[in-house]
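The values are calculated or read from the model by the stated rules, or taken from the named source; none is laboratory data. From a predicted model like this one, the values you see are computed outputs, not experimental measurements. Heads up, the Cβs are rebuilt from the backbone with ideal geometry, glycines too, and the neighbour counts pull from every protein chain shown. The protein model used for the area step is the full one, side chains on, heavy atoms only, and it has no ligands, DNA or RNA in it. Shrake-Rupley method; radii C 1.70, N 1.55, O 1.52, S 1.80 Å.
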Amino acid sequence: MTLSTHAFPSCPASLGVYAVVPTADWVRRTADAGIEMVQLRYKMQDGDRAKLEAQVREAVAAGAYGVHLGQEDLDALSPADLDALRASGLRLGASTHSDAELQRALALKPRYVAIGAVFHTTTKPMKSAPQGLDELARYVRMAAGFPTIAIGCVNLENMREVLKTGASSVAVVRAITEAADPAAAIAALQNEFAAARI
C-alpha cells in the first residue's frame with residue numbers, strides 16, 4: 001500500500017510556547033496554566049506498558065489534539081498505519097535532527113516539524129551535536145510552509161534569539177518542569193514569546 005499524499009488536519013501556524021512534559025499530571029497542570037500545546041513525553045520504565053497506556057489515556061482525557069512522533073516511531077509504522085492515523089483526524093508532528101530526517105518528515109505532510117536540539121540538552125540522549133542558531137535557521141528555511149518548533153534547551157533567556165531564526169514556535173521542557181513556580185514560569189515564557197513576535 002502506498003502512503004497517502006493528503007496532508008494531516010491543520011493546526012495554527014504558530015503553536016506558541018509548546019510544553020513537553022513527563023506525565024499526564026503535568027499535561028493537565030500546564031494546560032490549566034494556559035499552555036495550548038502540550039506534548040506528553042512519558043518514559044516507560046521497566047517495560048510497564050500498562051502505566052504507559054494509563055498515562056496516555058489520562059493525557060487524552062485532558063484534550064488530545066494530535067500525536068508527535070520521533071524518528072524511531074516513524075520507523076515502526078507502516079504506510080497503512082500512517083494512513084489510519086491521518087484518517088483519525090489527529091494532527092501529526094514529527095521530530096527531526098538532520099537534513100534527511102527533515103525531508104522524510106516533510107514528505108509525510110505533517111502539521112508541524114520539531115527541529116533540534118538547538119542547544120545542549122540533558123532531557124534525553126541525543127545522537128547528534130547541538131545544531132545552534134545558524135543550522136536552525138537553515139532548517140526553518142528548508143521547512144518553508146510548515147510550522148516549525150525549535151527544541152533543545154530553549155528558555156526565557158534565549159527565546160528571542162531562537163525566534164529570530166524564523167522558527168514559528170518554541171518547545172520548552174526544563175524551563176517549566178524544573179521551575180520553582182511552574183505557573184509563573186509559564187506566564188513569563190508566554191509573555192516573552194508574545195513580546196518577541198511583535
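Each other residue within a Cβ distance under 15 Å of Val113 adds +1 if Lys or Arg and -1 if Asp or Glu, for a net charge of +2. Spin-label pair His6-Leu52: with each label point 7 Å from Cα along the Cα-Cβ axis, the two points sit 2.9 nm from one another.
Note on Leu163: accessible area approximately 20 square angstrom, rounded to 10, probe 1.4 Å, nucleic acids and ligands left out. Based on alpha-carbon centroids, what's the gap between segment 152-198 and segment 49-82 in Å, whole number please? After rounding, the separation between the Cα centres reads 25 Å. Residue order by solvent-accessible surface for Ser14, Ser88, Ser95 is Ser88, Ser14, Ser95, largest first, with ligands and nucleic acids left out and a 1.4 Å probe.
In the neighborhood of Leu77, defined by Cβ-to-Cβ distances under 13 Å, what is the net charge if each Lys or Arg adds +1 and each Asp or Glu adds -1?
-3
Rolling a 1.4 Å probe over the protein chains gives Met37 an accessible area of about 30 Å². The modelled label-to-label distance for the pair Lys127/Gln45, using points 7 Å beyond Cα in the direction of Cβ, is 2.7 nm. Surface calculation, 1.4 Å probe, protein heavy atoms: Val60 sits at approximately 80 Å² accessible. Largest accessible area first, the listed residues Cys11, Cys153 line up as Cys153, Cys11 when surface is computed with a 1.4 Å probe on the assembled protein chains. Using 0.36 nm per residue and subtracting the Cα-Cα separation, the extra length available between Met142 and Lys164 on full extension is 6.4 nm. Taking Cα centre as origin and charging only the Cβ of basic (Lys, Arg, +1) and acidic (Asp, Glu, -1) residues, the dipole magnitude of the chain rounds to 340 debye.
Hand me the GluC sites (Glu not before Pro) from segment 136-194 located in a DSSP loop with no more than 15 other Cβ atoms within 10 Å, in residue order please.
Values: sites: Glu157, Glu161, Glu178, Glu192; in loops: Glu157, Glu178.
Here the GluC sites (Glu not before Pro) that fit, given the DSSP loop and packing criteria, are Glu157, Glu178.
What the chain shows is 51 Å² of accessible area per residue, with the surface traced by a 1.4 Å probe over protein heavy atoms. Along the axis of the charge dipole computed for the chain (Cβ charges of +1 for Lys and Arg, -1 for Asp and Glu, origin at the Cα centre), the listed residues Leu52, Leu85, Ala187 are led at the positive end by Leu85.
When all protein chains stay in place and ligands, DNA and RNA are ignored, the 1.4 Å accessible-area order of Asp73, Asp134, largest first, is Asp134, Asp73.
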